[in-house]
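Visitor: Before we start, here is the structure in question, set down as structure tokens.
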Amino acid sequence: MAVTLKTAVSKLRRRALARAWLRHSGPWLGWTLTGAATVALAARALADWERAEAAWLLAPALAAPVLAFVFARREVPSAHGAATWLDVHADASGFVVTEDELGQSSWTPRTEEALERALAALPKPQCRALLAPLSLAVAFASLALWIELPERVIGPPPAVSSAAIARVEEKLDALEEALALEPELEAELEQRLEAARADSEAGNPESTYEALDQLEGRIEEEAQRAEQAAQQALAELERAASDPSLAKAQEALKSARETLEAAGLSKELSPDAERALKEALAEAAQSGEPLSSAELAKLARELKGGLDAGLAKLANGRLIDPKKLAKRAASGSLDEFDDTHECDEECKQPGGT
Amino acid sequence: MTTAEATLPSPAEVAKARESAGAILDGLNRTLLGQEELTRRVLVGCLARGHVLLEGLPGLGKTELVKGLAALLGLSFRRLQFTPDLMPGDITGAHVLEQTDGRRNFVFRPGPVFTNVLLADEINRASPKTQSALLEAMAERRVTVLGETHPLPSPFFVLATQNPIELEGTYPLPEAQLDRFLFKVEVPAVSSSTLEQILTTRRAGRAPEHRPAIDAAGLDAIFATLERVHLSRAVAGWISRIVEGTHPTSAHASAKVKAYVKHGASPRGAIAIAEAARAQALLSGKPTVGFDDVRAVATPALAHRLVLDYRARLEGVRGSDIVQDVLAAIPESPERV
């Protein structure tokens, strides 16, 4: 079947559209996909986006072929321009452009021969113009999406994590040494330290530091609690030292001992002193007679000694402020404890009349 | 009948015109051996009713070519040797005093220009005044002497020659006068094989005698068919862009044009290409002008119309080089595929 001018022109225009689209969309798609993949990679690396979330960032690249089509349509030659191209690429004889201008005539067979030659010379769609830049961009986008990234690209070196663990471990040791912890609490703290250590070994600095922060907070909380208990016990000991009533002084001493025990600060009391204190208090309770001033003073000093030793260990472990400890030691409230202190029911109470 | 049928000559008309023109061309090729391109260009120039300037060394057969053309066309022929002392009246003719029946009257005696084919040999040896007398006749196809206008015979072709050597004492044709020539064709030297053929077939170099290949009616039929050879807008647009591209100030001008051309071709140059391309198309058996026809005639039609600057002369760049550059630089279609 002979080729008509109309079909040949349509074919050339379609081919021109395809060529222009391939010429534009290849680089455009390549660049936009590369750009979007770079953003996706950055989102995954810096903002911890999941792969599926980051994949959505590639979607705007799909606009490139559409835009390329719009631009390509502008480059499609007009019907007359296409006829001129066909004429030139047939044999430049002028038959095609003449038929385009005047219509069919007895010379149309010559035009059809020319069109056959021109169609054989139609420019081929250059898929390479699309595939070359696109394949590179697709490869990069695939890498950007599927490459395994460390949890945090930028983090402290392993040595820093190890040092932090050692520091917290030191604090825990100091706490355990200073206080008699509940077994459950001790186990919990040890477990947290182990978990932090495991996170560090797994190369997960974020979890490591989070676990260490929590553990350190817990340790400091216990130390604070012990310090508060020590302050309370100290106040009770001071009350025991200053109370003119031996019965009340004994009561204050007992309360101080219970406070220290509850806070775990009784660990620094020597077993003999602990036993003597228990026995003295039990005997006094049984006989109904209060302890003498000398006994009270001795027991108070025992307790104060244990208290100071425990606080010193906490201060050495930097769990409490050493300055506060020094200030408290300087106050020396028990130093003037009167061994010969005696007082009856009519004793003048401090501040009374 | 479609528009195309009404506009284009029929295949039969074109075939007949081509056959007649082909007979003339064969005769010319028998006259001038080994110069097919030259003879074709001369015939194209004549069919386009243009004048042709032949430039070549002496003895290359220019005169024989023109004589043969006149004989083949069955037209009258005159040869006029231009010399520095040639006067305008020697070309156009003059009034002479004659006594008839006892009365004396000025009677116009036509000069050699009153012929169908005039060979103006070595046209650049005559003074500008004499040259202009001929060039006026070429443009107007009539001669005015003492207020009387005398039309020249139709058809009227001038084939002028000039010698590229021995330039001392010559008057080079100014650009305005060169513009009157449809073509300027260079007559190349012949090859050794052609020379051998001339020596073996031509005793004393005598060209073969010609009988007219066509009669006056046949020539009129060719011209009538030529009138109907179509020039499409696409081809006309390319011609326009080519001529525009020869101007150094044009947006289409190539680097070579900007560097070497002082003035580009005139609209007469575009008309010359169009007319010559029509004749070229008819000689190729086509009813319409193609881009190939334009390409074939552009150089002889345009090269002599370009005014080149001193740099072109210094560097040996010729008008034909510029035209070839323009043809290569300007695409047939302004639209890109």
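The values are calculated or read from the model by the stated rules, or taken from the named source; none is laboratory data. Keep in mind the model is a prediction, meaning the values are calculated, not measured. Every residue, glycine among them, receives a Cβ derived from its backbone with ideal geometry; neighbour counts consider all protein chains shown. Ligands, DNA and RNA are excluded from the accessible area calculation, which covers all protein heavy atoms including side chains. Shrake-Rupley method; radii C 1.70, N 1.55, O 1.52, S 1.80 Å.
Visitor: Just to be sure I understand, how many residues within the stretch B:45-66 are open to solvent by less than 40 Å² (accessible area, probe 1.4 Å) and more than 23 Å from residue B:194 (Cα to Cα)?
Guide: Of the residues in the stretch B:45-66, 8 are open to solvent by less than 40 Å² (accessible area, probe 1.4 Å) and more than 23 Å from residue B:194 (Cα to Cα).
Visitor: Please give the number of the condition residue B:121 fails out of (1) open to solvent by less than 20 Å² (accessible area, probe 1.4 Å); (2) free of Cβ contacts under 8 Å to residues at least 40 places away in the same chain; (3) acidic (Asp, Glu).
Guide: (2)
Visitor: May I pose another question? Among (1) in contact with a Pro (Cβ under 9 Å, 6 or more places away or on another chain); (2) modelled with pLDDT under 85, which single condition is residue B:118 missing?
Guide: (2)
Visitor: When you scan the stretch B:67-76, do you find a residue that is part of a helix (DSSP H, G or I), open to solvent by 30 Å² or more (accessible area, probe 1.4 Å) and in contact with a helix residue (DSSP H, G or I) (Cβ under 9 Å, 6 or more places away or on another chain), even just one?
Guide: Yes: one or more hits.
Visitor: To continue, here is another question. If you go through the stretch B:14-21 one residue at a time, do you hit one that is among the hydrophobic types (A, V, I, L, M, F, W, C), in contact (Cβ under 8 Å) with a residue 24 or more places away in the chain and within 14 Å of chain A (Cβ to nearest Cβ)?
Guide: Yes, because at least one residue in the stretch B:14-21 is among the hydrophobic types (A, V, I, L, M, F, W, C), in contact (Cβ under 8 Å) with a residue 24 or more places away in the chain and within 14 Å of chain A (Cβ to nearest Cβ).
Visitor: Here are some residues: A:109, A:156, A:150. Which one is modelled with pLDDT under 85 and more than 30 Å from residue A:31 (Cβ to Cβ)?
Guide: The conditions single out A:156.
Visitor: Now a separate question. Pick from B:224, B:176: which is at pLDDT 85 or above and either hydrophobic (A, V, I, L, M, F, W, C) or open to solvent by less than 50 Å² (accessible area, probe 1.4 Å) (or both)?
Guide: Just a single option satisfies the conditions, and that option is B:224.
Visitor: Report those helices (runs of 4 or more DSSP H) wholly inside the stretch B:254-337 carrying at least 2 residues which are away from chain A (no Cβ under 14 Å), open to solvent by 10 Å² or more (accessible area, probe 1.4 Å) and under 30 Å from residue B:16 (Cα atoms).
Guide: Counting at least 2 such residues, we get B:267-283.
Each row is one residue, and each column tells you yes or no for (1) more than 18 Å from residue B:334 (Cβ to Cβ); (2) in the same structural domain as residue B:304 (by TED's automatic domain parsing); (3) at pLDDT below 95.
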residue	(1), (2), (3)
B:239	no, yes, no
B:243	no, yes, no
B:246	no, yes, no
B:253	no, yes, yes
B:266	yes, yes, yes
B:277	yes, yes, no
B:280	yes, yes, no
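Visitor: Still on this structure: Can you name the residue in the stretch B:141-166 that is among the aliphatic types (A, V, I, L, M) and assigned to a strand (DSSP E or B) and is also farthest from the chain's Cα centre (by Cα) among such residues?
Guide: B:145
Visitor: Then there is this: State all residues of the stretch B:177-224 that are among the aromatic types (Phe, Trp, Tyr) and in a helix (DSSP H, G or I); if no residue qualifies, say none.
Guide: Listed by number, the list holds a single entry, B:223.
Visitor: Count, please, the residues in the stretch A:277-300 that happen to be part of a helix (DSSP H, G or I) and surrounded by 16 or more Cβ atoms within 10 Å (Cβ to Cβ).
Guide: Count: 11.
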